[in-house]
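Structure, as structure tokens:
Rule-based calculations on the coordinates, nothing more; no lab input. Fair warning: this is a prediction, and the values are worked out from it, not measured in the lab. Using ideal geometry, Cβ is built from the backbone for each residue, glycine included, and neighbour counts are taken over all protein chains shown.
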Amino acid sequence: MFIGYIANTISQIQYQIRRWKNTHHEEEYTCCCTPHPRMFLTKEEKTDQLKKYKEWLENETKGVNEAIAKLKES
């Protein structure tokens, strides 16, 4: 029983490590990995974050459109 518990715990730790490696980001203002993310951002910081988010959405849209076009070709 104890060995099963250890194996399960190790499995959970490995999952968390894989998840962190795949989702960690380089957000300088509110990174989820910092112990105390900032709560009050300046107007410039908020604007910068929104611009980055908009760029991410535009790239995602391009990727979706490419995937749709590829499916239509098949």
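For the peptides 39-52, 61-74, the ranking by mean Cβ contacts within 10 Å, running from highest to lowest, is 39-52, 61-74. Distance between the 7 Å Cα→Cβ label points at LEU71 and GLN16: 3.7 nm.
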